[in-house]
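Structure first, commentary second.
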């Protein structure tokens, strides 16, 4: 189980990396970006991925930061997941994102895996997908034509495919802070702790005069891309929180899932069921935290 | 380039300059180029944790890195934990011996490396925190009970600051 | 001469033991925690080539052509091995029954996905894998045998065409008046069970370095071999070599659990070496290879079983119909796993009659291999589940129902219907102790309370016998011949009084080297540090088998004690001569040879050894100056099986009772193990810490089999599990830490009274957990009869109930 040969580049700056991507594309060389490598390396070892060239971003220390920018916490793409997990800023001001970071794989994976790498890889089982949808995270992407910012709703396209062109690099994710008083929950079900989730959900909401408001419900792991579930949100919006309502919202979320994944760990129906249960449990927990 | 590229890497305090093919995994590099065979490869796809090493004090999987990515980094492997002069075991190694924290011993370097990182950041972890730190290391022999006990003992020793390193029966 | 081996530590020649029976630290561990042990992939020699294998993507196909031209020309490639070479140089692997083994590389056809087709030896594994990409193989697809039930039909696609059938064996064994017992029973309970494939998965995969000395036709194989002597014999057969022209060197290995076979890898590496002119060839199986086609798959079973029960709750009969899917042949000796349950067929119970219909068939799944327990764990799950069904129907508590049926202490030695003799036990004492630890009545009360709150909470109680110290005669029902499994050691005391024990097996994890040092140190009353345990390869080691069938602790103890006694006898002669008395007046005690009844007339053993080696003038005339001895132990009193497979096979019968409390999340189908209790009786505990380690390790594997581990195949026999992210070994989060207690009923027939305990808890844990899950599900009116009890499966059942 050893990788096939490839050319290797480790550019010193984002600009150099983008220029390299452009050049290689012009030469019809299939290049892949290597960030933390925690998803790519197994694929290379298995020869499932066999790019002609690897562009390693390891020298881009400028993309390692977690910054307080007022309304938003800006996280450099090369920041490790464990740095996000350990970040006091995130713990205090965006606990859902911090908790989602902690739920990813195991410590050894989080130490090496990067925040940007996870977003760019767009694995449907990635916790950050649901976090992005629930929190309204934005992605900063740099390419030959400069910088653009993409909203989470537009970012995820399908399995392992995000809105990043082959000559672009994701450089930053912009995570809105959680407003004080917001209730949140992030829950997932994996066969073992630390495994890729079979399904998961993220919820944020507020309580206004005892009723739910600003309800956001996002799910991940069940099909090609993370998604917000408007059907579930609408059921809750303006309503007084109650277990029965949470269950209905869960069912609505499950019903909204198209073409659920089926694999050795669970059928499509089972994954739908998990969504139903997890959304309901997330809502209950979020209400508790908001109260 | 697919051909050899020069790297400079510090492993267990020793600097090595070597030419490596870009595709060479860090695990293979440590094991076969540097003859540091204590970093074991159990799955080569990042699940079993046997190949865990420390890079700048943080545990990572050597099978999920290329040797070339280690250029300029400081690595500690299981071989680097013993006291190089006296040969005494590291307190965590000693605790694993005393608590029967291993059977076949193949996964053990990975567990010990994960424990080093854990106790460095949290000298008195709860059982849940220990499990969290070791959840990414698979053991097929022990059923984990004695591993948990080993980490507890190591933690107590670190706490008490009297890392007994003698090796009596 | 067979010696009388002491059956209690009290009989050792030491006033009080210092090591035996104590939880001493393992001598293996300082090197293991330091990362300096020479596992096989840490071994290399200059000029060594590395092997990679091209494997079949098809479950069943004819190999029409193999084009290796481009690979052979690739720089860095030393040799390419194909089925043509193998047909010329090698025989198919031996099996029992005969005729169900393939060649190590596909010859003419492939029978499972992952079967090696071409192998390359090159300068590195990287280059070898590159070369594989240059090889073209043309296949003609053949109909696939997926469903083992179809294997019984005459028109199923035939895997081994020369056998003209897919049925390896279809035989029924009857013990006692089974028909009468069932017709006279007040109740008969029948149920079907499905045990899906799981297996060993040691953390180290198989590996070897083989070289074929083409001048002398002498083959040396180093590797992670569990049973080196057996491996050597098998390869001599495959290579048509005289058995003394193959040497196997077992390196310390990273676990085995039966799953360190590697016959194919060994043969391929050796033949590549031959083709490369004798260059050593290393093959390190990777995890994908292991999961697809290594020695990691076991126990693919469909059961239909019945018990006959009288109105008073006594179980009188047990019938088992087993269809066992061996996969694509029995090169992994998976057949034995069907035979082994005879050694404890009726478990802990006084069941007078039994019947076993064993159907062993092939399919286009990977061949099955040995795995810890070697067959009884699924069998126990079936028996214990039926015990629960009967208890429930009769309105008797699960623990109480078992108690009523236990074999009683005074009935030992007890011969079970399938022929084996249990040496000793006190099953009720074990049950009482574990129920006490669990506070069983309170646990049941707690369960009632939680049930009333709508929670799915269940308690499982299971009792099993672990047969210890295997003998070949146990497997006669699948054609294995022979009685006795010799295990030999050499004990030598040097001129400085230091002691070396030479054994024929290497480190594997069970702490046997430590046990050897404990025994010798206490026998001669020296420090453990004065004892070194050395490994000897097959060409120089005494007859040996190594670990397997819960035997080595007992067998090695017998061999060590025999060897120590022989040395003691020699020393007695020397000392008798020096002290001018008869050898019969001289005895060993606390490290000194003493003249009985003469205070002060004694010599330390080091002095005696020194005299033997350095003062021939003082020795009895004609005495060989050799302060060492070899002794080969085999279990006493074993016999030939009769035509129904009945014989005294496994020497010891350990016993355990487990109690588990589980809760099922009805929303997700996830089972949480809340509490777990074990009481175990494996006789004398020679090193309680290693015994507990074996037990807890068995719990982990049992939890894996019960909830997580499964080799899934598609409906056209494509394996879906080839990664550790899909084959789910339990982590530290999933394994309950069992509260453990012991009862000690020493074996009257085994060395020091110890019973085999290496396989331990995997015999009991899956049964316990299935009983607990079904107890939890009972209020819903559904029951699970399939492993693993994955969340998806449990949830589906819950859905059916609603």
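Note down the Stokes-Einstein diffusion coefficient of the range B:91-160 in µm²/s, whole number, using a Kirkwood radius over alpha carbon pairs, 25 °C, and 0.890 mPa s.
212 µm²/s
Along the Cα→Cβ direction, 7 angstrom out, place labels at residue C:149 and residue A:147. What is the inter-label distance in nm?
Simple spin-label model gives 6.5 nm for this pair.
Where both residues lie in chain C, what percent of DSSP beta bridges are antiparallel, nearest 5?
Expressed as a percentage, antiparallel bridges in chain C total about 80.
Return, ordered by residue number, the residues of the range C:562-603 whose backbone nitrogen is under 20 Å from a label point located 7 Å along Cα→Cβ of residue C:495.
Backbone N within reach: C:571, C:574-575.
Compute from the Cα atoms of the range C:609-729 the Rg and the Dmax, the latter being the longest Cα-Cα distance, and quote both in angstrom.
For the range C:609-729, the Cα-based Rg and Dmax read 26.3, 85 Å.
When the gyration tensor of the range A:61-176 is built from Cα positions, what are the square roots of 5 times its three eigenvalues, in whole Å, from largest to smallest? Display every interim value, and only then the final one.
Numbers: eigenvalues 79, 49, 38 Å².
Here the semi-axes work out to 20, 16, 14 Å.
Dividing the alpha-carbon Rg of the range B:5-79 by 2.2 N^0.38 Å yields what?
Dividing the Cα radius of gyration by 2.2 N^0.38 Å gives 0.96.
So how far apart, in nm, are the two label points at residue C:191 and residue A:161 if each is 7 Å from Cα heading toward Cβ?
4.9 nm
Which value results for Rg/Rh of chain C when Rg is the Cα radius of gyration and Rh the Kirkwood radius based on the inverse mean 1/r?
Checking Rg against Rh, the ratio lands at 0.99.
Relative contact order for the range A:7-56 using alpha-carbon pairs under 8 Å, separation at least 6, rounded to a whole percent?
Relative contact order of the range A:7-56: 54 percent.
Got the relative contact order for the range A:83-136 handy, in percent, Cα pairs under 8 Å and 6 or more residues apart?
Relative contact order comes out at 32 percent.
Return the tail of the calculated pair distribution for the range B:21-169, meaning the percent of Cα-Cα pairs more than 29 Å apart.
Distances greater than 29 Å cover 14 percent of the Cα pairs.
Just tell me how shielded C:691-700 is by partners: mean number of partner chain Cβ atoms within 10 Å of each residue's Cβ, no decimals.
Mean inter-chain Cβ contacts per residue within 10 Å come to 5.
Let me understand the range C:352-469 better: what is its radius of gyration from the alpha carbons, and its Dmax, in angstrom?
In order Rg, Dmax, the Cα atoms of the range C:352-469 give 17.8, 50 Å.
How far apart, in nm, are two points set 7 Å out from the Cα along the Cα-to-Cβ line at residue B:74 and at residue C:36?
2.5 nm
Report the extension gain between residue C:534 and residue C:23 in nm, rounded to one decimal, defined as 0.36 nm multiplied by the number of residues separating them, less their alpha carbon distance.
181.8 nm
Over the range C:545-638, one equal point on each Cα, no solvent: what is log10 I(q)/I(0) by the Debye formula at q = 0.13, 0.21, 0.25 Å⁻¹?
Here log10 of I(q) over I(0) equals -0.51, -0.96, -1.21.
Peptides C:315-328, C:65-78: what's the order by average Cβ count within 10 Å, highest mean first?
Numbers: C:315-328: 24.7, C:65-78: 15.7.
In descending order of packing, they fall as C:315-328, C:65-78.
Rounded to the nearest 0.05, what FRET efficiency do residue C:672 and residue B:122 have when you use their Cβ-Cβ distance and R0 = 35 Å?
After rounding, the FRET efficiency stands at 0.85.
Within 10 Å of each Cβ of C:705-712, how many other protein chain Cβ atoms are there on average?
Details: counts 0, 0, 2, 3, 0, 2, 1, 3.
So the per-residue partner count for this stretch is 1.
Go ahead and collect, in residue order, the members of the range C:386-416 whose backbone nitrogen is under 14 Å from a label point 7 Å along the Cα-Cβ direction of residue C:778.
C:386-402
Enter the mean number of other protein chain beta carbons within 10 Å of the beta carbon of each residue in A:36-46, as an integer.
6
Can you compute the label reach from residue A:288? Point 7 Å from Cα along the Cβ direction, backbone N cut-off under 17 Å, restricted to the range A:160-201.
The answer is A:182-189, A:201, whose backbone nitrogens lie closer than 17 Å to the label point.
To one decimal place, what orientation-averaged projected area in nm² is obtained for the convex hull of the Cα set of chain A?
Orientation-averaged projected area of the Cα hull: 14.9 nm².
Taking a ≥ b ≥ c as the square roots of the Cα gyration tensor eigenvalues, with a/c under 1.5 meaning rounded and otherwise prolate when a/b beats b/c, else oblate, which class fits the range A:133-291?
oblate
Please work out the C-alpha center-to-center distance from the range C:200-227 to the range B:99-146 and express it in whole Å.
The range C:200-227 and the range B:99-146 have Cα centres spaced 31 Å from each other.
Using a Förster distance of 60 Å, how high is the FRET efficiency between residue C:580 and residue C:215, based on the Cβ-Cβ distance and rounded to 0.05?
Numbers: r = 57 Å, r/R0 = 0.96.
It comes out at approximately 0.55.
Semi-axes, largest first, in whole Å: what does sqrt of 5 times each Cα gyration tensor eigenvalue give for the range B:98-137? Could you put the intermediate results ahead of the total?
Details: eigenvalues 65, 22, 19 Å².
After scaling each eigenvalue by five and taking roots: 18, 10, 10 Å.
Could you work out the percent of alpha carbon pairs in the protein assembly as shown separated by over 64 Å, rounded to a whole number?
Taking all Cα-Cα pairs of the protein assembly as shown, the fraction more than 64 Å apart is 10 percent.
R0 = 25 Å: FRET efficiency of residue C:161 with residue C:481, Cβ-based, nearest 0.05?
The calculated FRET efficiency here is 0.40.
Report relative contact order for chain C in percent, whole number only (criteria: Cα-Cα under 8 Å, sequence separation at least 6).
Taking the mean separation of contacting Cα pairs over the length of chain C, I get 16 percent.
What's the whole-number percent of alpha carbon pairs in the range C:68-108 lying beyond 12 angstrom?
Result: 62 percent of Cα pairs exceed 12 Å.
Read the figures in this text as sums done on the coordinates, not as results from a lab. Keep in mind it's a predicted model, so treat the numbers as computed, not measured. With ideal geometry, Cβ positions are generated from the backbone for all residues, glycine too; neighbour counts draw on all protein chains shown.
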